[in-house]
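Chemist: Dropping a structure here in structure tokens format, bear with me for questions.
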Amino acid sequence: MSGRESLPDQEVLRGVGWSIVPTPHDSPQYAQVAAELRRRILAGAIPPGLLLPSETALIAEFGVSRGTIREALALLRAEGHIVTEHGRGSYARPVMPVRRLASERYRREVKQITGRSAPETSFTRDQRIAWADYQLDKEFREVPASSAIAELFGVQPATMLLERRFLFRAMGVPQQTSTSCYLLDMVAGTPIADPANEPWPGGNIAQLHTIGVQVTAVEETVRARMPMPDETEQLNIAGGVPVLTITRRMLAGDRVIEVAQDIVLPADRTELHYRIDLLEEERDG
């Protein structure tokens, strides 16, 4: 249609079961359409996983052009409210199972050293999956330490490392990526350097125990950012959804023995949980 397109009268829409939250009259029409569809999604009128009406149906309902509808859908995709699949259409983004990261999860790996519990790692524990449901894509290579990694280790730049890139899957679904590094002179020639031994029950903590290294502390720093294109593809992240990144250092006493600079988790599937014992901190202080 030519000229300024108008949305249907609010009384008409109420008559078919919808009510429109007023939007500024000077808002672009695609933004007005997006606002109404967003409201329906957030209110549960369009439940997670349910297909939105087709473009043709939306054009008829809102009385706007196809281009306006596509701009509205693009905005909702960028916000992470909808997912569009070729041949299927657009649907409200499903609610993803949330992985709870608790500060004590590495203690599960310590128990693997004794061999008195079923095989698991902090990942399988967080995902609440059996060992048979855990798959790990891996790539090992020897690399010189970048300045950033060297600083985290407390060594000179270009110190040789064993770099291990992992893609973690729970029941076949990609859930997390990680780039983890060991000092090469510590693990070269040991079973730890053989990718065929992954996944390893007990993870890094149990691995290091086999070469006489006891992990005494774990430090983690958490940040948020938007995903890189390869992360979006690997982890099947919906548009508009950020990721949490964890930088981890494992220590044996004062010595840093492992660094994971970028553990990447989709933010809509991750919950961080911390316990702080104030009375214990007071005694320590």
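The values are calculated or read from the model by the stated rules, or taken from the named source; none is laboratory data. Every value quoted in this text rests on a predicted model; they were computed, and no experiment measured them. Using ideal geometry, Cβ is built from the backbone for each residue, glycine included, and neighbour counts are taken over all protein chains shown. Areas reflect the complete protein model, heavy atoms only, side chains present, ligands, DNA and RNA absent. Shrake-Rupley method; radii C 1.70, N 1.55, O 1.52, S 1.80 Å.
Chemist: Within the range 240-261, track down each residue that is of a type outside the set (A, V, I, L, M, F, W, C) and surrounded by fewer than 18 Cβ atoms within 10 Å (Cβ to Cβ).
Modeler: Filtering the range 240-261 for residues of a type outside the set (A, V, I, L, M, F, W, C) gives 240, 242, 245, 247-249, 253-255, 258, 261.
Correct list: Gly240, Pro242, Thr247, Gly253, Asp254, Arg255.
Chemist: Out of the residues in the range 246-271 that are closer than 13 Å to Glu220 by Cα and within 12 Å of the chain's Cα centre (by Cα), which is modelled with the lowest pLDDT?
Modeler: Asp262
Chemist: Please pick out the residue among Leu73, Leu101, Leu52 that is under 30 Å from Gly202 (Cα atoms) and of a type in the set (A, V, I, L, M, F, W, C).
Modeler: Leu101
Chemist: Which condition number in (1) open to solvent by 90 Å² or more (accessible area, probe 1.4 Å); (2) in contact (Cβ under 8 Å) with a residue 60 or more places away in the chain is the one that Pro229 fails?
Modeler: All conditions pass for Pro229, except number (2).
Chemist: Just wondering, is there one or more residues in the range 270-284 that are out of contact with any His (no Cβ under 8 Å at 6 or more places or on another chain), over 23 Å from Leu161 (Cβ atoms) and buried (at least 18 other Cβ atoms within 10 Å of the Cβ)?
Modeler: There is at least one residue in the range 270-284 that is out of contact with any His (no Cβ under 8 Å at 6 or more places or on another chain), over 23 Å from Leu161 (Cβ atoms) and buried (at least 18 other Cβ atoms within 10 Å of the Cβ).
Chemist: Any residue at all in the range 227-242 that is part of a strand (DSSP E or B) and either more than 12 Å from the chain's Cα centre (by Cα) or not β-branched (Val, Ile, Thr) (or both)?
Modeler: No, the range 227-242 contains no residue that is part of a strand (DSSP E or B) and either more than 12 Å from the chain's Cα centre (by Cα) or not β-branched (Val, Ile, Thr) (or both).
Chemist: Tell me the helices (runs of 4 or more DSSP H) entirely within the range 59-158 that contain at least 1 residues that are modelled with pLDDT of 85 or more, surrounded by 19 or more Cβ atoms within 10 Å (Cβ to Cβ) and under 26 Å from the mean Cα position of the chain (by Cα).
Modeler: Details: elements: 66-79, 107-110, 122-127, 147-153.
Result: 66-79, 122-127, 147-153.
Chemist: Mind telling me which of the residues Thr190, Thr221 ends up being farther than 30 Å from Glu85 by Cβ and surrounded by fewer than 13 Cβ atoms within 10 Å (Cβ to Cβ)?
Modeler: On inspection, the qualifying residue turns out to be Thr221.
Chemist: For Ser178, all conditions in the list (1) part of a helix (DSSP H, G or I); (2) small (Gly, Ala, Ser); (3) out of contact with any Ser or Thr (no Cβ under 9 Å at 6 or more places or on another chain); (4) open to solvent by less than 20 Å² (accessible area, probe 1.4 Å) hold save one; what is the number of the exception?
Modeler: Of (1) part of a helix (DSSP H, G or I); (2) small (Gly, Ala, Ser); (3) out of contact with any Ser or Thr (no Cβ under 9 Å at 6 or more places or on another chain); (4) open to solvent by less than 20 Å² (accessible area, probe 1.4 Å), only one is false for Ser178: (1).
Chemist: List every residue pair whose Cβ atoms lie under 6 Å apart, where the two residues are 6 or more positions apart in sequence or sit on different chains, the first residue falls within the range 180-207 and is of a type in the set (Ser, Thr, Tyr), and the second residue, located anywhere, is crowded, with 17+ Cβ neighbours inside 10 Å and not in a loop (DSSP other than H, G, I, E, B).
Modeler: Once the first residue is of a type in the set (Ser, Thr, Tyr) and sits in the range 180-207, its partners that are crowded, with 17+ Cβ neighbours inside 10 Å and not in a loop (DSSP other than H, G, I, E, B) give Ser180/Arg164; Ser180/Ala260; Tyr182/Leu162; Tyr182/Glu258.
Chemist: It is to be established whether one or more residues within the range 218-226 are within 24 Å of Ala267 (Cβ to Cβ) and in contact (Cβ under 8 Å) with a residue 60 or more places away in the chain.
Modeler: Scanning the range 218-226, I find at least one residue that is within 24 Å of Ala267 (Cβ to Cβ) and in contact (Cβ under 8 Å) with a residue 60 or more places away in the chain, so the answer is yes.
Chemist: Determine the pairs where a residue that is among the acidic types (Asp, Glu), located within the range 36-48, has a partner that is surrounded by fewer than 12 Cβ atoms within 10 Å (Cβ to Cβ) with Cβ atoms under 8 Å apart, the partner being 6 or more residues away or on another chain.
Modeler: Glu36/Val21
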